[in-house]
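The values are calculated or read from the model by the stated rules, or taken from the named source; none is laboratory data. Since the structure is predicted, the reported quantities are computational estimates derived from the model, not experimental observations. Please note: Cβ atoms are built from the backbone with ideal geometry, for glycine as well, and neighbour counts cover all protein chains shown. Only protein heavy atoms, including side chains, enter the accessible area calculation; ligands, DNA and RNA are left aside. Shrake-Rupley method; radii C 1.70, N 1.55, O 1.52, S 1.80 Å.
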Amino acid sequence: MITRRTSLAGLAALAAMPLQARESLPLKSIRVGSKRVRYLSRLAGSAKAPMLLCFGGGDANQGIAEYYDQVYTPETLYRDHHVILPIGPPRRLFHQFTNREAREMISALTAAEPIEGRGLISGVSNGGRAAFTFARAAPEAFRGLVTMPGALGARIIPRAWNDYAVVLAYGTKDPTWAKESKRAANTLRGKVGALEQVALPGQGHVVGPDYDIDPIYARLKALEARLGR
């Protein structure tokens, strides 16, 4: 079966062909305080469902969000979740959002889309930092997260994370962020419901366009099963 990921691998050599030309997701926006935040969405259907909130790295511009959709979102797992890919506003990174801003953004997304129930967050690099930021700001809105990689930042862990499933992934060729992931694991151990570290063999800070990310989400799924979900 030819999947979007194997197709992307075949097209990777065509550098002149931008990702957005291969698949177009709806571009929408919400208001968060005084700023407008745009996002891409891949809905599981019209029915209400939990969201998979996905934060790209760097400044999370539209191209980064599109790459995240193609490479870092699961293809065979969590298909019953609405995938939301926020695009970073000008001069502001998502991991710099205050708790109030993060909660406002989650509320605005929930009002704009058929989102219901505790969701999941995934993030890469600065997006991994953002995953922790948003889960800390609104712990009741989520039940787990996966960073590929991420840095925890503040060492204060909300008590509401005690049933979270957490996967911390990092490339074996990305030693600086591997240390950040291991540092986060040491802080989270015993304070979350289930935790696993995963090394991505041969990968650097950004995984390649043909990398199969589904096994990482399978680890998350297994942790959720261990927690009785």
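Observations on the model:
- Some residue of segment 96-103 being under 22 Å from residue 177 (Cβ atoms), among the basic types (Lys, Arg) and in a helix (DSSP H, G or I): no
- Segment 134-161, residues that are assigned to a helix (DSSP H, G or I), out of contact with any strand residue (DSSP E or B) (no Cβ under 9 Å at 6 or more places or on another chain) and within 21 Å of residue 82 (Cβ to Cβ): 137, 139, 140
- Per this entry, residue 60 is not counted among residues that are assigned to a loop (DSSP other than H, G, I, E, B), touching a residue at least 12 places away in the same chain (Cβ under 8 Å), more than 29 Å from residue 208 (Cβ to Cβ) and in contact with a Pro (Cβ under 8 Å, 6 or more places away or on another chain).
- Qualifying residues in segment 63-109 (those that are without any contact (Cβ under 8 Å) to a residue 60 or more places away in the chain and of a type in the set (Asp, Glu)) - the one farthest from residue 151 (Cα to Cα): 80
- Answer residue from segment 206-226, given it is part of a loop (DSSP other than H, G, I, E, B) and open to solvent by less than 60 Å² (accessible area, probe 1.4 Å) and is nearest to residue 171 (Cα to Cα) among those: 207
- Residue check, residue 208 in contact (Cβ under 8 Å) with a residue 24 or more places away in the chain, under 20 Å from residue 125 (Cα atoms) and touching a His at 6+ places or on another chain (Cβ under 9 Å): no
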